[in-house]
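Right, one structure below, let's go through it.
Every number here is computed from the coordinates shown, using simple stated rules; none is lab data. Here the structure is a predicted model, which means the values were calculated and not measured. Neighbour counts are summed over all protein chains in view; Cβ atoms, including those assigned to glycine, are modelled from backbone coordinates with ideal geometry.
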Amino acid sequence: MEFETIIYQIKTGVGVLTLNRPATLNSFNGFMHEEVKTALKDAKTNDAVRCLVITGEGRGFCAGQDLSDRAAKVTDDGPDLGDSIERYYNPLIRNIMTMEKPVICAVNGVAAGAGASIALACDIVIAARSAKFVQAFSKIGLVPDSGGTFNLPRALGLPRAKGLALLGDKLSAEQAEKWGMIWQCVDDDVLMEEALALAERLASLPPLGLAMTKKLLNNSFSTPLHQQLEVEKEAMRWLGKTDDYQEGVSAFTEKRQAKFTGK
Ligand code: T3D
């Protein structure tokens, strides 16, 4: 598929979506939102994609909204940012968090504003040692959007989420790993190699089980225990009848590599 503001490629079960507006640290304009939406739709529906990696071109991952689009006052009372959030950012986060496939964020450089929120919305975040996470919103009088106020305290707990969101300080990838906000921090030159290795591992695992695991974990913070136990039970009942469960058990007992089909 041909795009102008992103690169989207599929190889060995893995889709790689690269944000590609490096001159503005891959910040979002409306056109890039549309192209990302198209790529995410393909990743969601295309059987050739069993895991998606999102990364950025150049020295940044994503600096959130392109602020040059916001510099001019479009109306006397200012722009309707709620409209932009409803049209672009909220669907983007829903598309990532509800995709029935694992999404890895390979944070190659600074992730600021909605860029940081996108990383937090992904299932596994692996970051280059030089990368930074910045809750840039407070410096321009906004709130952490794109699920930031939801995912940041869940990843870090309230005290650290509040410190980062109110101060807008840069958080290094190393500190983010120490605090448990991301899965792993790796040397810059091996970031994509490591991200793709993780993605290929995930692409070879049973898709239905992974999709259900993601869903249950994402919902767990807003579900009471008795209900979560019921949901787990029903998931096990359903997954136990899949071909992939049979294949997994057979491969284990026969001491061979399993081959999962997603059925
Ligand atoms: O509006 C809506 O639709 C509502 C939704 C909002 C969602 C949001 O994301 S709000 C938050 C928007 N983002 C920011 O506030 C971040 C702004 N950027 C920064 O604070 C810094 O650039 C960084 C901390 C990300 C990186 O700093 P640094 O020193 O490494 O790089 P730099 O020199 O500031 O930036 C490099 C270039 O990218 C520079 O352009 P130049 O001077 O080389 O021509 C800079 O202007 C440009 N750039 C960086 N971020 C943005 C940007 N251009 C447009 N929009 C940006 N967000």
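At 37 °C and 0.692 mPa s, grab the translational diffusion coefficient of the range 6-203 from Stokes-Einstein with a Kirkwood Rh over Cα pairs, rounded to a whole number in µm² per second.
197 µm²/s
Residues with beta-carbon under 12 Å from that of A114, excluding A114: net charge, scoring Lys, Arg +1 and Asp, Glu -1?
-2
Summarise the long-distance tail of P(r) for the range 207-254 by giving the % of C-alpha pairs beyond 16 Å.
Every Cα pair in the range 207-254 considered, those over 16 Å come to 45 percent.
Can you give the angle from 0 to 90° between the axis of helix 30-45 and the longest principal axis of the chain, with both taken from C-alpha atoms, to the nearest 10?
Roughly 0 degrees between the two axes.
Express as a percent, rounded to the nearest 5, the fraction of DSSP beta bridges in the chain (both residues included) that run antiparallel.
30 percent
Using a 10 Å cut-off around each Cβ, can you sort F61, F260 from fewest to most neighbouring Cβ atoms?
If I rank by nearby Cβ atoms, fewest first, I get F260, F61.
Expressed in nm to one decimal, what extension gain is obtained for the pair S204 and K139 from 0.36 nm per residue of sequence separation less their Cα-Cα distance?
Additional length available on full extension: 19.1 nm.
What percent do you get for the relative contact order of the chain when only Cα pairs under 8 Å and 6+ apart count?
16 percent
Set the bar at 25 Å for Cα to Cα. Now go through K44/K139; K101/K170; K233/K263; K37/K178; K44/K259; K11/K44 and name every pair that lies beyond it.
Exceeds cut-off: K44/K139; K101/K170; K37/K178.
Ranking M32, M1, M192 by Cβ neighbours within 10 Å, fewest first, what do you get?
If I rank by nearby Cβ atoms, fewest first, I get M1, M192, M32.
Which order do the peptides 76-82, 171-177 come out in when sorted by mean C-beta neighbours inside 10 angstrom, highest first?
For the peptides 76-82, 171-177, the packing ranking is 171-177, 76-82.
If you line up the long axis of helix 191-203 against the longest principal axis of the chain, both from Cα atoms, how many degrees apart are they, to the nearest 10?
Value to nearest ten degrees: 40.
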